[in-house]
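Working notes for the structure below.
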Amino acid sequence: MIIRDVAAATSREVTPEGFLHVRARIARSGLHDYRGDEIGAPAPFGPGDRVRVYRPPDEVFSPESMASFGSKPVTDGHPPAMVDATNWKRYAVGQSGPVVTREGDHLAADLMIGDAAGAERALAGAELSNGYFADFVFEPGTTPEGEAYDAVQRNIRGNHLALVDAGRCGASCRIGDAAVLDCSCEGSGEPRLADEADHLRQRIVSLEATHRQALEAKDGALAALAAKIPDAAALDALVAERAGVIETARRVLGPAFDPAGHAVGDIRRCVVAAVLGADGLRERGGIYVTAAFDTLRAARATANPLAHAVSIGLRDAAGTRDAALNARNHHLAGAWKGDLDQGAS
(Lines give C-alpha, C1' and ligand atoms only; values in the text may rest on other atoms or scores of the structure.)
Protein backbone atom coordinates (compact mmCIF):
# COMPACT_ATOMS: atom_id res chain seq x y z
CA MET A 1 0.00 0.00 0.00
CA ILE A 2 1.29 3.47 -0.84
CA ILE A 3 1.17 5.94 2.06
CA ARG A 4 1.62 9.69 2.19
CA ASP A 5 3.08 11.30 5.28
CA VAL A 6 4.56 14.69 6.01
CA ALA A 7 8.27 15.47 6.22
CA ALA A 8 9.81 18.51 7.83
CA ALA A 9 12.52 20.65 6.27
CA THR A 10 15.38 21.60 8.60
CA SER A 11 17.51 23.74 6.25
CA ARG A 12 17.50 25.16 2.73
CA GLU A 13 19.91 26.69 0.23
CA VAL A 14 19.48 28.11 -3.29
CA THR A 15 22.44 27.59 -5.62
CA PRO A 16 23.57 30.16 -8.24
CA GLU A 17 21.84 27.99 -10.85
CA GLY A 18 18.53 28.32 -9.01
CA PHE A 19 18.54 24.76 -7.66
CA LEU A 20 17.04 24.40 -4.18
CA HIS A 21 18.86 22.18 -1.67
CA VAL A 22 16.77 21.10 1.33
CA ARG A 23 17.68 19.03 4.37
CA ALA A 24 14.48 17.30 5.52
CA ARG A 25 13.22 14.80 8.01
CA ILE A 26 11.29 12.34 5.93
CA ALA A 27 10.07 9.62 8.33
CA ARG A 28 9.56 9.09 12.04
CA SER A 29 9.09 6.14 14.32
CA GLY A 30 6.35 6.05 16.94
CA LEU A 31 2.59 6.59 16.70
CA HIS A 32 0.84 8.10 13.68
CA ASP A 33 -2.80 8.84 12.99
CA TYR A 34 -4.48 7.81 9.74
CA ARG A 35 -8.02 7.76 8.43
CA GLY A 36 -9.48 4.34 7.84
CA ASP A 37 -9.80 4.87 4.08
CA GLU A 38 -6.15 5.96 3.80
CA ILE A 39 -4.82 2.57 4.80
CA GLY A 40 -7.68 0.24 3.90
CA ALA A 41 -8.62 -0.40 7.53
CA PRO A 42 -11.02 -3.35 7.97
CA ALA A 43 -14.25 -3.32 10.00
CA PRO A 44 -15.16 -2.06 12.45
CA PHE A 45 -13.20 0.99 11.26
CA GLY A 46 -15.13 3.34 8.97
CA PRO A 47 -13.60 5.40 6.11
CA GLY A 48 -13.29 8.51 8.30
CA ASP A 49 -12.38 6.81 11.58
CA ARG A 50 -9.06 7.55 13.22
CA VAL A 51 -6.65 4.60 13.23
CA ARG A 52 -3.65 4.72 15.58
CA VAL A 53 -0.68 3.11 13.79
CA TYR A 54 2.58 2.20 15.50
CA ARG A 55 5.76 2.47 13.44
CA PRO A 56 8.45 0.51 15.40
CA PRO A 57 12.00 1.90 15.37
CA ASP A 58 13.37 -1.42 14.12
CA GLU A 59 11.19 -1.03 11.01
CA VAL A 60 11.88 2.66 10.37
CA PHE A 61 15.64 2.36 10.88
CA SER A 62 16.17 -1.01 9.28
CA PRO A 63 18.88 -0.93 6.57
CA GLU A 64 16.29 -1.80 3.90
CA SER A 65 13.91 0.97 4.93
CA MET A 66 16.60 3.64 5.18
CA ALA A 67 18.19 2.71 1.85
CA SER A 68 14.79 2.78 0.12
CA PHE A 69 14.47 6.54 0.68
CA GLY A 70 17.79 7.32 -1.03
CA SER A 71 17.85 8.71 -4.59
CA LYS A 72 14.06 8.95 -4.79
CA PRO A 73 12.17 11.55 -6.90
CA VAL A 74 10.73 14.76 -5.53
CA THR A 75 7.36 15.50 -7.17
CA ASP A 76 5.11 18.54 -7.48
CA GLY A 77 2.09 17.11 -5.67
CA HIS A 78 1.44 13.41 -5.27
CA PRO A 79 1.25 11.76 -8.71
CA PRO A 80 -1.74 9.52 -9.52
CA ALA A 81 0.52 6.44 -9.66
CA MET A 82 3.76 5.30 -8.08
CA VAL A 83 6.83 6.86 -9.66
CA ASP A 84 9.01 4.57 -11.73
CA ALA A 85 11.24 4.73 -14.81
CA THR A 86 8.24 4.97 -17.16
CA ASN A 87 6.82 8.18 -15.64
CA TRP A 88 9.78 9.72 -13.77
CA LYS A 89 10.35 12.36 -16.47
CA ARG A 90 6.71 13.41 -16.26
CA TYR A 91 6.42 13.75 -12.48
CA ALA A 92 9.88 14.42 -10.98
CA VAL A 93 11.05 17.96 -10.20
CA GLY A 94 14.02 16.89 -8.09
CA GLN A 95 15.57 14.02 -6.18
CA SER A 96 16.69 12.96 -2.74
CA GLY A 97 20.36 12.30 -2.03
CA PRO A 98 21.73 8.74 -1.91
CA VAL A 99 22.54 8.87 1.81
CA VAL A 100 19.74 8.68 4.40
CA THR A 101 20.68 9.10 8.05
CA ARG A 102 19.04 8.81 11.45
CA GLU A 103 18.35 11.94 13.50
CA GLY A 104 16.81 10.84 16.79
CA ASP A 105 13.42 9.36 15.98
CA HIS A 106 13.59 10.54 12.37
CA LEU A 107 15.07 9.64 9.03
CA ALA A 108 16.72 12.60 7.31
CA ALA A 109 17.87 13.16 3.74
CA ASP A 110 19.16 15.90 1.46
CA LEU A 111 16.77 16.90 -1.32
CA MET A 112 17.56 18.76 -4.54
CA ILE A 113 14.72 20.53 -6.38
CA GLY A 114 15.97 21.42 -9.86
CA ASP A 115 12.71 22.58 -11.44
CA ALA A 116 12.21 26.35 -11.25
CA ALA A 117 8.47 26.18 -10.61
CA GLY A 118 8.97 23.48 -7.99
CA ALA A 119 11.68 25.46 -6.23
CA GLU A 120 9.48 28.58 -6.27
CA ARG A 121 6.59 26.63 -4.79
CA ALA A 122 8.82 25.18 -2.10
CA LEU A 123 10.22 28.59 -1.18
CA ALA A 124 6.67 29.97 -1.00
CA GLY A 125 5.97 27.62 1.88
CA ALA A 126 4.92 24.29 0.38
CA GLU A 127 5.01 21.30 2.69
CA LEU A 128 6.71 17.97 2.08
CA SER A 129 4.57 14.85 2.03
CA ASN A 130 6.37 11.52 2.03
CA GLY A 131 5.02 8.81 -0.31
CA TYR A 132 5.99 5.23 0.47
CA PHE A 133 4.86 1.61 0.50
CA ALA A 134 4.13 -0.25 3.73
CA ASP A 135 2.29 -3.25 5.10
CA PHE A 136 -0.24 -2.80 7.92
CA VAL A 137 -0.88 -5.50 10.48
CA PHE A 138 -4.18 -4.69 12.16
CA GLU A 139 -3.68 -5.96 15.67
CA PRO A 140 -4.14 -3.81 18.81
CA GLY A 141 -1.28 -3.38 21.23
CA THR A 142 0.71 -1.00 23.39
CA THR A 143 3.98 0.78 22.62
CA PRO A 144 6.97 0.48 24.96
CA GLU A 145 5.92 3.92 26.23
CA GLY A 146 2.47 2.60 27.17
CA GLU A 147 0.47 4.16 24.31
CA ALA A 148 -2.30 2.09 22.72
CA TYR A 149 -2.35 1.44 18.96
CA ASP A 150 -4.67 -0.28 16.45
CA ALA A 151 -2.14 -1.49 13.86
CA VAL A 152 1.58 -1.92 13.24
CA GLN A 153 3.41 -0.73 10.13
CA ARG A 154 5.94 -3.10 8.51
CA ASN A 155 8.20 -3.28 5.45
CA ILE A 156 8.47 0.48 4.88
CA ARG A 157 9.80 1.34 1.41
CA GLY A 158 10.15 4.89 0.09
CA ASN A 159 8.83 5.90 -3.34
CA HIS A 160 8.77 9.72 -3.60
CA LEU A 161 8.58 13.04 -1.73
CA ALA A 162 5.84 15.44 -2.83
CA LEU A 163 5.50 19.20 -2.56
CA VAL A 164 1.97 19.77 -1.26
CA ASP A 165 -0.13 22.70 -0.08
CA ALA A 166 -1.25 21.05 3.13
CA GLY A 167 0.17 17.89 4.63
CA ARG A 168 -0.75 15.73 7.61
CA CYS A 169 0.99 18.05 10.10
CA GLY A 170 -0.56 21.27 8.83
CA ALA A 171 1.07 24.62 8.11
CA SER A 172 3.89 24.19 10.63
CA CYS A 173 5.79 21.74 8.40
CA ARG A 174 6.80 24.12 5.64
CA ILE A 175 10.03 24.13 3.68
CA GLY A 176 10.29 27.84 4.38
CA ASP A 177 10.44 27.34 8.15
CA ALA A 178 13.97 27.67 9.49
CA ALA A 179 13.26 25.91 12.78
CA VAL A 180 13.85 22.20 13.28
CA LEU A 181 10.30 20.88 13.43
CA ASP A 182 9.07 17.69 15.06
CA CYS A 183 6.19 16.51 12.91
CA SER A 184 4.31 14.23 15.29
CA CYS A 185 1.36 13.94 12.89
CA GLU A 186 -1.16 13.37 15.68
CA GLY A 187 -4.24 14.95 14.09
CA SER A 188 -7.95 14.53 14.58
CA GLY A 189 -8.38 12.24 11.57
CA GLU A 190 -10.48 14.73 9.61
CA PRO A 191 -10.07 14.90 5.79
CA ARG A 192 -7.00 16.87 4.80
CA LEU A 193 -6.69 19.49 2.12
CA ALA A 194 -3.77 17.52 0.69
CA ASP A 195 -6.03 14.53 0.06
CA GLU A 196 -8.58 16.73 -1.66
CA ALA A 197 -5.85 18.27 -3.82
CA ASP A 198 -4.52 14.83 -4.70
CA HIS A 199 -7.99 13.60 -5.64
CA LEU A 200 -8.43 16.68 -7.80
CA ARG A 201 -5.11 16.09 -9.54
CA GLN A 202 -6.05 12.47 -10.19
CA ARG A 203 -9.39 13.61 -11.60
CA ILE A 204 -7.61 16.06 -13.89
CA VAL A 205 -5.26 13.34 -15.13
CA SER A 206 -8.26 11.06 -15.78
CA LEU A 207 -10.11 13.80 -17.67
CA GLU A 208 -6.98 14.54 -19.71
CA ALA A 209 -6.74 10.86 -20.68
CA THR A 210 -10.43 10.75 -21.63
CA HIS A 211 -10.11 13.95 -23.64
CA ARG A 212 -7.00 12.62 -25.39
CA GLN A 213 -8.81 9.38 -26.29
CA ALA A 214 -11.78 11.36 -27.67
CA LEU A 215 -9.44 13.49 -29.78
CA GLU A 216 -7.65 10.40 -31.10
CA ALA A 217 -10.99 8.81 -32.03
CA LYS A 218 -12.08 12.01 -33.75
CA ASP A 219 -8.76 12.23 -35.60
CA GLY A 220 -9.24 8.65 -36.77
CA ALA A 221 -12.75 9.41 -38.04
CA LEU A 222 -11.50 12.51 -39.86
CA ALA A 223 -8.69 10.50 -41.42
CA ALA A 224 -11.19 7.90 -42.63
CA LEU A 225 -13.35 10.63 -44.16
CA ALA A 226 -10.33 12.28 -45.76
CA ALA A 227 -9.39 8.96 -47.36
CA LYS A 228 -12.78 8.91 -49.09
CA ILE A 229 -12.32 12.35 -50.63
CA PRO A 230 -11.20 11.94 -54.27
CA ASP A 231 -7.97 13.56 -55.38
CA ALA A 232 -7.72 16.13 -58.15
CA ALA A 233 -7.43 13.53 -60.93
CA ALA A 234 -10.44 11.59 -59.66
CA LEU A 235 -12.48 14.80 -59.37
CA ASP A 236 -11.58 15.74 -62.95
CA ALA A 237 -12.71 12.30 -64.13
CA LEU A 238 -16.02 12.59 -62.26
CA VAL A 239 -16.66 16.06 -63.68
CA ALA A 240 -15.86 14.90 -67.22
CA GLU A 241 -18.11 11.86 -66.83
CA ARG A 242 -21.07 13.92 -65.59
CA ALA A 243 -20.61 16.50 -68.36
CA GLY A 244 -20.66 13.74 -70.99
CA VAL A 245 -23.78 12.14 -69.54
CA ILE A 246 -25.59 15.50 -69.43
CA GLU A 247 -24.63 16.25 -73.03
CA THR A 248 -26.09 12.94 -74.22
CA ALA A 249 -29.21 13.42 -72.11
CA ARG A 250 -29.93 16.79 -73.73
CA ARG A 251 -29.51 15.27 -77.19
CA VAL A 252 -32.12 12.63 -76.38
CA LEU A 253 -34.42 14.47 -73.97
CA GLY A 254 -34.04 17.94 -75.44
CA PRO A 255 -31.96 20.97 -74.52
CA ALA A 256 -34.41 21.98 -71.80
CA PHE A 257 -33.47 18.96 -69.65
CA ASP A 258 -32.30 20.20 -66.22
CA PRO A 259 -29.81 17.82 -64.53
CA ALA A 260 -29.74 19.74 -61.22
CA GLY A 261 -30.28 17.43 -58.28
CA HIS A 262 -29.97 14.26 -60.37
CA ALA A 263 -27.16 11.73 -59.89
CA VAL A 264 -25.33 10.45 -62.96
CA GLY A 265 -27.00 7.04 -62.63
CA ASP A 266 -30.46 8.62 -62.52
CA ILE A 267 -29.74 10.67 -65.66
CA ARG A 268 -28.64 7.55 -67.52
CA ARG A 269 -31.84 5.76 -66.52
CA CYS A 270 -33.99 8.67 -67.73
CA VAL A 271 -32.28 8.60 -71.15
CA VAL A 272 -32.59 4.84 -71.58
CA ALA A 273 -36.23 4.91 -70.43
CA ALA A 274 -37.01 7.61 -73.00
CA VAL A 275 -35.70 5.34 -75.78
CA LEU A 276 -36.79 1.89 -74.61
CA GLY A 277 -39.80 2.84 -72.52
CA ALA A 278 -40.24 2.55 -68.78
CA ASP A 279 -41.37 -1.09 -69.08
CA GLY A 280 -38.14 -1.93 -70.84
CA LEU A 281 -36.18 -1.05 -67.69
CA ARG A 282 -38.38 -2.90 -65.25
CA GLU A 283 -36.21 -5.03 -62.94
CA ARG A 284 -33.08 -3.88 -64.77
CA GLY A 285 -30.03 -3.02 -62.69
CA GLY A 286 -27.43 -0.31 -62.96
CA ILE A 287 -25.02 -2.40 -65.05
CA TYR A 288 -27.67 -2.94 -67.76
CA VAL A 289 -28.66 0.75 -67.71
CA THR A 290 -25.03 1.88 -68.05
CA ALA A 291 -24.38 -0.51 -70.93
CA ALA A 292 -27.56 0.55 -72.72
CA PHE A 293 -26.77 4.24 -72.17
CA ASP A 294 -23.22 3.87 -73.52
CA THR A 295 -24.58 2.11 -76.60
CA LEU A 296 -27.16 4.83 -77.24
CA ARG A 297 -24.56 7.55 -76.76
CA ALA A 298 -22.16 5.86 -79.18
CA ALA A 299 -24.94 5.57 -81.79
CA ARG A 300 -25.64 9.30 -81.58
CA ALA A 301 -22.10 10.52 -81.25
CA THR A 302 -20.59 8.51 -84.11
CA ALA A 303 -21.54 7.05 -87.42
CA ASN A 304 -20.65 3.57 -86.17
CA PRO A 305 -23.15 1.29 -87.97
CA LEU A 306 -22.73 -1.47 -85.40
CA ALA A 307 -23.57 0.83 -82.50
CA HIS A 308 -26.55 2.20 -84.45
CA ALA A 309 -27.80 -1.33 -85.13
CA VAL A 310 -27.42 -2.32 -81.48
CA SER A 311 -29.27 0.84 -80.45
CA ILE A 312 -32.14 0.00 -82.80
CA GLY A 313 -32.03 -3.56 -81.55
CA LEU A 314 -32.40 -2.43 -77.96
CA ARG A 315 -35.40 -0.32 -78.90
CA ASP A 316 -36.93 -2.96 -81.24
CA ALA A 317 -36.34 -5.71 -78.74
CA ALA A 318 -38.43 -3.86 -76.19
CA GLY A 319 -41.18 -3.33 -78.81
CA THR A 320 -41.09 -6.95 -79.96
CA ARG A 321 -41.36 -8.18 -76.40
CA ASP A 322 -44.36 -5.96 -75.73
CA ALA A 323 -46.07 -7.06 -78.99
CA ALA A 324 -45.55 -10.72 -78.19
CA LEU A 325 -46.92 -10.25 -74.69
CA ASN A 326 -50.04 -8.52 -76.02
CA ALA A 327 -50.61 -11.31 -78.61
CA ARG A 328 -50.36 -14.00 -75.96
CA ASN A 329 -52.80 -12.24 -73.66
CA HIS A 330 -55.26 -11.77 -76.55
CA HIS A 331 -55.02 -15.46 -77.48
CA LEU A 332 -55.63 -16.64 -73.94
CA ALA A 333 -58.58 -14.31 -73.55
CA GLY A 334 -60.46 -16.06 -76.43
CA ALA A 335 -59.13 -19.60 -76.14
CA TRP A 336 -62.22 -20.81 -74.29
CA LYS A 337 -64.30 -20.23 -77.44
CA GLY A 338 -62.33 -22.91 -79.23
CA ASP A 339 -61.17 -20.48 -81.88
CA LEU A 340 -57.54 -21.58 -81.97
CA ASP A 341 -56.83 -19.75 -85.21
CA GLN A 342 -57.58 -16.29 -83.83
CA GLY A 343 -54.66 -13.92 -84.22
CA ALA A 344 -53.63 -10.74 -82.68
CA SER A 345 -56.11 -8.71 -84.71
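The values are calculated or read from the model by the stated rules, or taken from the named source; none is laboratory data. These numbers come from a predicted model, not from an experiment. In this analysis, Cβ positions are derived from the backbone assuming ideal geometry, glycine residues included, and neighbour counts consider all displayed protein chains.
Inside region 103-123, can you point out the residues that are out of contact with any Gly (no Cβ under 7 Å at 6 or more places or on another chain) and exposed (fewer than 14 other Cβ atoms within 10 Å of the Cβ)?
103, 104, 117, 120
Mind listing whichever residues of region 282-298 are surrounded by fewer than 10 Cβ atoms within 10 Å (Cβ to Cβ) and either assigned to a loop (DSSP other than H, G, I, E, B) or at positive phi (or both)? Full working, then the answer.
From region 282-298, those surrounded by fewer than 10 Cβ atoms within 10 Å (Cβ to Cβ) are 282-283, 285, 287; that's our starting set.
Within region 282-298, 282, 283, 285 meet the criteria.
Can you give me the ranges of the helices (runs of 4 or more DSSP H) entirely in region 53-105 with at least 2 residues that are within 39 Å of the chain's Cα centre (by Cα)? Give the steps one after another, and end with the answer.
Numbers: elements: 57-60, 63-68, 88-91.
In region 53-105, 63-68, 88-91 are the helices (runs of 4 or more DSSP H) which contain 2 or more residues that are within 39 Å of the chain's Cα centre (by Cα).
Which one is farthest from residue 54 (Cα to Cα) among residues in region 12-36 that are in a loop (DSSP other than H, G, I, E, B) and touching a residue at least 12 places away in the same chain (Cβ under 8 Å)?
18
Out of region 252-273, which residues are under 14 Å from residue 295 (Cα atoms) and in contact (Cβ under 8 Å) with a residue 12 or more places away in the chain? Show your work before the answer.
If we filter region 252-273 for residues that are under 14 Å from residue 295 (Cα atoms), which is where we start, we get 252, 268-269, 271-273.
Passing the criteria: 252, 268, 269, 271, 272.
Six or more apart or on different chains, Cβ under 9 Å: which pairs go from a residue in region 54-68 that's of a type in the set (S, T, N, Q) and at pLDDT below 95 to one that's surrounded by 15 or more Cβ atoms within 10 Å (Cβ to Cβ) and part of a helix (DSSP H, G or I)? Could you list them?
Note: pairs meeting the criteria are 65/59.
Would you be able to say whether some residue in region 120-143 is more than 30 Å from residue 28 (Cβ to Cβ), modelled with pLDDT under 80 and not in a strand (DSSP E or B)?
No; the residues of region 120-143 include none that is more than 30 Å from residue 28 (Cβ to Cβ), modelled with pLDDT under 80 and not in a strand (DSSP E or B).
Conditions tested, residue by residue: (1) in contact (Cβ under 8 Å) with a residue 60 or more places away in the chain; (2) within 31 Å of the chain's Cα centre (by Cα).
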{"site": "109", "(1), (2)": "yes, no"}
{"site": "114", "(1), (2)": "yes, no"}
{"site": "117", "(1), (2)": "no, yes"}
{"site": "126", "(1), (2)": "no, no"}
{"site": "132", "(1), (2)": "yes, yes"}
{"site": "142", "(1), (2)": "no, no"}
{"site": "150", "(1), (2)": "yes, no"}
{"site": "164", "(1), (2)": "yes, yes"}
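Failed condition for residue 146, given (1) in a strand (DSSP E or B); (2) at pLDDT 85 or above, with all others met?
Only one criterion is unmet by residue 146, namely (1).
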